[in-house]
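To start, the structure under review is shown below, and the notes come after it.
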Amino acid sequence: MKLKRSIFLFCSIAFIGMVAFTGREEDPIEKLLTSLQSWAENNPQEKVYLHTDKPYYIVGDTIWFKTYVTIGSKHQLSALSGAVYVELINEGDSIAQSLKLPLMAGMAKGSIVLSDTAIREGNYRLRAYTQWMRNAGPEYFYDRTFSVGNSAANTVFAKIDYIYAKDGEQTKVTALIKYTDQKGEPYADKAVRYELKEGYKSIATGGGKTNESGELSVSLPSSKSEKAGSTYILTRITIADGENVPKSFPIKRASQQTDVQFFPEGEIL
């Protein structure tokens, strides 16, 4: 609204001024259009578009998306902003997750994990903007509503905790993942394959079996990446013959700022 009021005020003042002081041989409307075009060129407006992999999701899914930031009436890719902010907003109008993604030639890729422990079924919004767009107000932000369902076939529930241990000057970080059924009973002695990913890039893979409490420990590496929220663990637990259930977990940024060693242990199934 602030931008609209500014444009209206500018046009009104410019029109009155030109009508009052322009000679008969000059067209005041043409002068107004020229002034308006000049103002738009000096105050470019960015727009954000998000392209997601699916129109709706279920709890436990990962939202994969690509952002495009354009500028001006020709909708060319913008080089004005260096970062785009993407937020997942719940029904209470609270931010459930947020990402700051670096822009390369006006584009960025990212993902948001709809974790079992943090997300419930309902309606959510994806909101995206740049710092430059905040000058014009939230009505210019990208804002899309979509639904998140809870699959009745979801038989595996999982949560992740982090264990920190000192080893000299280094801090070792271990992710402790626990798997249970709908009644809270642990999935004990089940094979799990896991893959550590940073965006679309696979960093390392490994595997193991859950203990009697349904827990699996995964050592985490250090990461110098500035892509907050882009690193996550993708796991597949075998609960029956031929039945592999995928689960994914975002890695806390605190765990990415440590100096931990990690050694690949094979391919994910």
Problem set entry | Selection from Y164, Q131, P186, by position along the positive dipole direction of region 112-222 (Cβ) | Q131
For this session: Positive end of the charge dipole of region 49-98 (Lys, Arg +1 and Asp, Glu -1 on Cβ, about the Cα centre): tell me which of V59, L80, S98 has its Cα farthest that way.
Result: L80
For this session: Could you work out how far the C-alpha centroid of region 133-166 sits from that of region 49-111, in angstrom?
Result: 12 Å
Seminar exercise, completed: Note: F146 to K209 extended length (0.36 nm per residue) minus current alpha-carbon separation gives 19.1 nm
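Which of the peptides 174-184, 112-122 is most tightly packed, and how do the rest follow, going by the mean number of other Cβ atoms within 10 Å of each residue?
Values: 174-184: 14.8, 112-122: 17.8.
Ranked from most to least packed, the peptides come out as 112-122, 174-184.
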For this session: Based on the mean of other Cβ atoms within 10 Å per residue, sort peptides 125-132, 68-75, 163-170 so the most packed one is first.
Result: 125-132, 68-75, 163-170
Problem set entry | Calculated FRET value between E30 and K66, using beta carbons and R₀ = 30 Å, to 0.05 | 0.15
Exercise. Given a Förster radius of 22 Å and the C-beta distance between S219 and I239 as r, what FRET efficiency does 1/(1 + (r/R0)^6) yield to the nearest 0.05?
Worked result: 0.40
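Go ahead and run the numbers for FRET between K201 and T174, Cβ-Cβ distance against an R0 of 25 Å, rounding to 0.05. Provide the component values of the computation, followed by the final result.
Numbers: r = 22 Å, r/R0 = 0.88.
Here the calculated transfer efficiency is 0.70.
We did not get these values from a lab; they are worked out from the coordinates using the rules stated. Nothing here was measured: the structure is a model prediction, and the numbers come from that model. Cβ coordinates were reconstructed from backbone atoms using ideal geometry, including for glycine residues, and neighbour counts include every protein chain displayed.
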